[in-house]
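What follows draws every value from the coordinates through simple rules; no lab data is involved. Everything quoted here is computed from the prediction, not taken from an experiment. Virtual Cβ from ideal backbone geometry, glycine too; neighbours counted across all protein chains shown.
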Amino acid sequence: MSLLRAILAHPSGRIGGVIVGVYLLIALLGLLGMTPHDPLMQFRVDRLHAPDAVYWMGTDLFGRDVASRLMLGISQSFVVAFASVALAATAGTVLGLAAAWFGKGWDGLIMRVMDVLLAFPAILLALLIIAVVGPGTWTSVAAIAIVYTPIFTRVVRGPALSLKTRDFVDAARTFGSSRHYILTRHLMLNLVAPLTVQVTLALAWALLTEAGLSFLGLGTQPPASSLGLMLSDSRNLIEMAPWLLIFPGLAIMIGILGFNLLGDALRDILDPKMRRAAA
Amino acid sequence: MTPLLSVRDLHVGFGRDPAAHEIVRGVSFDLDAGETLAIVGESGSGKSVTALSINRLIDFGGGRITRGAIDLRRADGGVIDLAAAPERALTKIRGGEIGMIFQEPMTSLNPVLTIGEQIEESFRLHRGLTGRQATAAAKDALDRVRIPDAARRLKYTPHQLSGGMLQRVMIATALSCNPRLLIADEPTTALDVTVQAQIMALLAELKRETGMAMIFITHDIGLVAGIADKVMVMQAGEAVEQGALDAVLDTPQHPYTRHLLGAVPHFEAGRAARSDYRRPEPPVAPPALTVEGLTVRFPVTGGLLRRRTGNVHAVDGVDFDLMPGETLAIVGESGSGKSTTARAILGLVQPTRGAFAANANTRESGNRAPVQMVFQNPYASLNPRLRVDSILAEPVIAAGGRLSAETTARMTMLLERVGLPLDSLQRYPHEFSGGQRQRLCIARALMLNPSVVVLDEAVSALDVSVQAKVLELLVDLQKEFGLAYLFVSHDMAVVERIAHRIAVLYAGQIVEIGDARSVLSAPRHSYTKQLIAAVPSIDRRHETFALDLRQVPSLIRPLGFEPEEAAWQRFGADHLARAEG
Amino acid sequence: MNYLTRRLVTFPLVMLGVSILVFVSIRLVPGDAITAMLGTEAGLLTPDQRAALEAYFGIDQGWLVQYGRWLAGALQGDLGISVTYGKPVLDVILERFPLTLELALLSMAIALLVGLPAGVFAATRNERSSDLVVRILAMIGQSTPNFVVGLLIIFVLSVGFGVLPVMGTFTPFFENPLQNLGQMILPAITLGFAFAASVTRISRSAMLDVLSEDYVRTARSKGVPALGVIWRHALPNALIPVVTLSGVEFGYLLGGAVIVEQIFALPGLGRMVLDAILQRDYALVQGSVLFIALNFMIVNLIVDLTYALLDPRIRLGDR
């Protein structure tokens, strides 16, 4: 709880935290179907209707309510982002810890495989995976997770390597503490902070990638809603119906901004280097 | 005549409201040309902040001079108040009239510029020299600080030189434009004691040559005895006492000065050695620890195929034994192999060969791990995310025990013994000071009733007055639990207070071993003599050292190299020195 | 063994891994390749025609043989034939590459020209309001997806000024530099926007770290004026993270900016790969992915060489 208080005391943490909180609420409402209108319902008489009291953010080419589709899109993006980051963080933590702990051959093998994955521009690797499996929501999850795994592996391996040489781990060795004890109590417990920061920043990035893939038509498939898809659909209607661009564009930008701000704040709060400077 | 520097009622604060967060509170002093003032104090006393305020570098560290004047008499006779001077005027004075050297030579030089570029810069800024002229001037500056082969060293980058060499380069840079004042902020704290002696000798010599004034910041009052004319003692941002060197050292007025002079270990050439123990002859009990032929070598590889080309002989055939209740100090400088010896005994480093045997503590029951260790850095040796009860329980759990009432009882008993409050169990390491943390580490090492505790530079990271208290605690615990200590340290003054016996390690080998008093008062091996001569002491007033540019021999040996069998010369009942060829 | 040799030794290893990954993933596509290529028409093939086609595309043997042949070909610059274009894969790639390279260079130039001075400036104004403004802008820049930026640019141009970006046929730079730049500038700004924001953030934090180093204090104690401290003493030490970030971003851009090429209708590498995937032109997918990964790794190698230039500790090999 002291972490929550620290976030709220941090200027960008406060803004980021509020944004993320509001988005989580929207995503939850979207998932529960509590939207102003049925997001799939086509109000044919009200096609490309400008925003008003009934359609808060207007309607699209098929007469569907933009606000409702936006809420659904946010939940969709969040599901993909959280699922893929959870997968990547788990895989990266296991691989990074293994590489750092076993060292030598294992380290070399794991890190070379990660180098191979990192040799692809992120979106290209995602495209390749989609080429193999075919487009869809869960393909996006897998693709984003695979792209982000090497990054988590590095984020874990670096600090784990330096923790391994810290005096308190040496001390544990002189007592004869078990490998399990050292890994969980001395390494994992101290990795929670850098991982939290990285998870937050990764969520921002995952939202961005999911939107990009959907924008290209390779992520979420219509008629389901997604922010990227909405933007893609708005392309030829910019002049006629700018609300189709403005609202989803702002929604995605502010969402990513929220996670980035929160991530920055968490880094300030959790980074031991910063804390030492303040003490 | 007006003094060179006159500081009046200096106040320095930090943060958004500097006046409310003052680190220096009303310091005043005068310094004449050619005079040396030593500012002595512990960490947090404001001594470095005072120094950095004089050339106003404090502005860049978040500090602000809130009150007071710093009057500097300039070369042309005019007087400028540095506390109020604009930045433009200050850049002319920094480097030109006031030079400065710092504590960490390794990080104080720019890693991407060559030594030559960094010295030439001063000549360019203050003398307008460029090109070949600047290079020639830089070479002369290096010659002046007695760096051999100066012309070639100009092209080196900092990481290619040792700490001692880098501090010489720093001095050369600071003195390049003949400043009339040199501020030296703990310039030898990060260096080995023999290197420290060299730097002090160099500073003394340069001071004579150039007639500059100097402000010397240090925590070690013994160090300034050889160089200072005046001493100012600082505590909590205030100058509690100042005066001529002899007056302050011989008749200290303020209780804090007396405390610094009395409670803090000063080297006394064996006179302060412990006399509470004498090796029984013949031995009455089996030794707590025996080490025979301990050798640790690290492979050196080279080439594309990482072929093994040689070995670093970090520890090369070390033998000793340690009796219950006895302290053996292993002393040596960096690279001597003293820490590697300690780590090898604890199994943190795999010895290449050699044997050691530890015997269980006979006075205490339930001994489960005969050798335990306390590390140098109390901030790094406690997991910041674990509570003290988990930290103290770890050795017990590792030894297959469980968190029983008995374990908790031992925790509270040990906490009380090391002088920590009982509610410490529920707290985290960051809630404790450095000294308290080291007490925690000691308590943790005693959880399993060891017979031997290896103390690797265990008090080196602590402030001097905290050091004294932890040393007292260690002596008490030794008597109470019958512990044998293997005390690894570079600090001769500390060693003198705790050791019964001393082993001097040089380049991986013991060169002298024996009774502490005997070794410290009558060293026999040439290295031990050099080491002891280099230790600063308040008794050695106005004494300078001869310059000596010997380098430590390389520890890298070709494959298959074996050192010669040591020949020992005996000097008295318990004092051996290696014969020198 | 020093840092650079180690990088040079692992380079072919990683490249081999990349080629295996690319090759295997394409083989994992469900269904047989001929059907994948020809769609329903594949059903009209006689067994002989089918066999001839398989031999033509080199898919009549086991995976290992196929991989060996492909790799041997790739090493000689032969990446096979693209079905959609009816041309050698390498030719198709090289046709698209100049545009992609130009776009990447332009965006990086924008990013460095804007980001580096902004970051350095903000670092020297730490915690003052001008620093805050730079930080907020950079944060927004980093959080805005490039397709939002691109669409907003088009929106502002069309609604505000009634003009649309030129989206006709693409003019290569050496044919008509002005017309070419006119076509490239908006996509380059779109890509450079977030890139500049990242450069700003990283150069600011790197400068802040370096400005608190001991050697900066030493420089000040020598009387080096403020600008000299920043440009001569601090910046060279702060460049390594900036170079790393720029290298990675530039390497990514060399893989084609799929989305921005799509928005501005530019015939670059990214769109080609996307089309190849949608058309199931697997020789082209395979070849271009390999090509892009190779580019990316070469850029990384150049970045490593730059480290050595910037930092003697790396140059003299003890890291």
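Multiply the residue gap between C:Leu105 and C:Leu132 by 0.36 nm, knock off their C-alpha separation, and tell me the result in nm, one decimal place. It would help to have the intermediate numbers written out before the result.
Values: separation 27, 0.36 × 27 = 9.72 nm, distance 2.92 nm.
Result: 6.8 nm gained on full extension.
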Given charges of +1 on the Cβ of Lys and Arg and -1 on the Cβ of Asp and Glu, with all other atoms neutral, how large is the dipole of the stretch B:400-470 about its Cα centre, in debye to the nearest 20? 160
In Hz, Karplus ³J(HN,Hα) per residue of the stretch C:256-264 (6.51, -1.76, 1.60; θ = phi - 60°; x = Gly, Pro): x, 9, 3, 5, 5, 4, 4, 4, 9
Suppose a student asked you for the relative contact order of chain C, using Cα pairs under 8 Å spaced at least 6 residues apart; what percent would you report? 26
Over all alpha-carbon pairs in the stretch C:103-240, figure out the percentage whose distance exceeds 25 Å. 42
Tell me the relative contact order for the stretch C:216-319 as a rounded percent, counting alpha carbon contacts under 8 Å between residues six or more apart. 27
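Is the shape of the stretch B:7-107 best called rounded, prolate or oblate, per the rule: a/c under 1.5 gives rounded, else a/b larger than b/c gives prolate, else oblate, with a ≥ b ≥ c the square roots of the Cα gyration tensor eigenvalues?
Rounded, because the longest to shortest axis ratio a/c is under 1.5.
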Distance (nanometres) between label positions extended 7 Å along Cα→Cβ at A:Leu48 and B:Asp32: 9.5
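Estimate the FRET efficiency between C:Leu16 and A:Arg173 by the formula 1/(1 + (r/R0)^6), using the beta-carbon distance for r and 45 Å for R0, to the nearest 0.05.
0.75
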Check B:Thr309: other-chain or 5+ apart residues with amide H under 5 Å from its amide H, H built from backbone geometry? B:Val300, B:Thr301, B:Gly302
Where Rh is the Kirkwood radius over the Cα pairs of chain C, the temperature 10 °C and the viscosity 1.306 mPa s, what D in µm²/s does Stokes-Einstein return? 70
Using a Förster radius of 45 Å, what is the FRET efficiency between B:Asp76 and B:Glu238 based on their Cβ-Cβ separation? Nearest 0.05, please. 0.85
Across peptide A:103-116, what mean number of C-beta atoms from other chains lies inside 10 Å of a residue's C-beta? 2
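Quickly estimate the mean residue ellipticity at 222 nm for chain A, helices only: each DSSP H run with n ≥ 4 gives -39500 (n - 2.57), and the total goes over all residues, rounded to 500.
Dividing the helical sum by the residues of chain A leaves -24500 deg cm²/dmol.
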Along the positive direction of the dipole of the protein assembly as shown (beta-carbon charges: Lys, Arg +1; Asp, Glu -1; about the Cα centre), which of B:Val264, B:Tyr156, A:His180 reaches farthest? B:Val264
Go through the stretch C:226-234 residue by residue and turn each phi into a ³J(HN,Hα) via Karplus (6.51, -1.76, 1.60, θ = phi - 60°); whole Hz please, and just put x for glycine and proline. 3, 5, x, 4, 5, 7, 8, 9, 8
Would you please calculate the Kirkwood hydrodynamic radius of the protein assembly as shown over all C-alpha pairs and express it in Å, rounded to one decimal? 34.4
What is the mean number of Cβ atoms from other protein chains located within 10 Å of the Cβ atom of each residue in peptide A:124-136, rounded to a whole number? 6
Under a crude label model (7 Å from the Cα following the beta-carbon direction), how far is B:Ser433 from A:Leu8 in nanometres? 3.5
Cβ under 14 Å from B:Thr2's Cβ, B:Thr2 left aside: what net charge do those residues give with Lys, Arg +1 and Asp, Glu -1? -2
Built amide H within the under 5 Å cut-off of B:Ile330, gap 5+: B:Phe487, B:Val488, B:Ser489, B:Ala503
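Please give the length that would be gained between B:His21 and B:Lys479 if that part of the chain were fully extended, namely 0.36 nm times their separation in residues minus their C-alpha to C-alpha distance (nm, one decimal).
Fully extending the segment from B:His21 to B:Lys479 adds 160.4 nm.
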Where labels lie 7 Å past Cα in the beta-carbon direction, separation of A:Leu24 and C:Leu44 in nm: 5.9
Take the residue pairs B:Lys230/B:Lys469; A:Lys164/B:Lys529; B:Lys338/B:Lys469; B:Lys47/B:Lys155; B:Lys47/B:Lys469 and return only those whose Cα atoms are more than 32 Å apart. A:Lys164/B:Lys529; B:Lys47/B:Lys155
Under 10 Å from the Cβ of B:Ser45, count the other residues' Cβ atoms, weight Lys and Arg +1, Asp and Glu -1, and hand me the total. -2
One quarter of the C-alpha convex hull surface, i.e. the mean projected area of the stretch B:5-263 in nm², amounts to 13.9
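Kindly provide the helix-only [θ] at 222 nm of chain C, computed as the sum of -39,500 (n - 2.57) over DSSP H runs of four or more divided by all residues, to the nearest 500 deg cm²/dmol?
Taking each H run of at least 4 residues, the total per residue is -24000 deg cm²/dmol.
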Any residue on another chain or 5+ positions along whose placed amide H is under 5 Å from the amide H of B:Leu129 is listed here as B:Arg124
From zero outward in steps of 10 Å, how is the percent of C-alpha pairs of the stretch B:11-61 spread across the bins? 22, 55, 20, 3
Estimated FRET transfer efficiency when R0 is 51 angstrom, pair B:Gln253-B:Asp140 (beta carbons, to 0.05): 0.65
Two decimals is fine: what is log10 I(q)/I(0) at q = 0.12, 0.15, 0.16 Å⁻¹ for the stretch A:2-278, from a Debye sum with one equal scatterer on every Cα and no solvent? -0.81, -1.11, -1.20
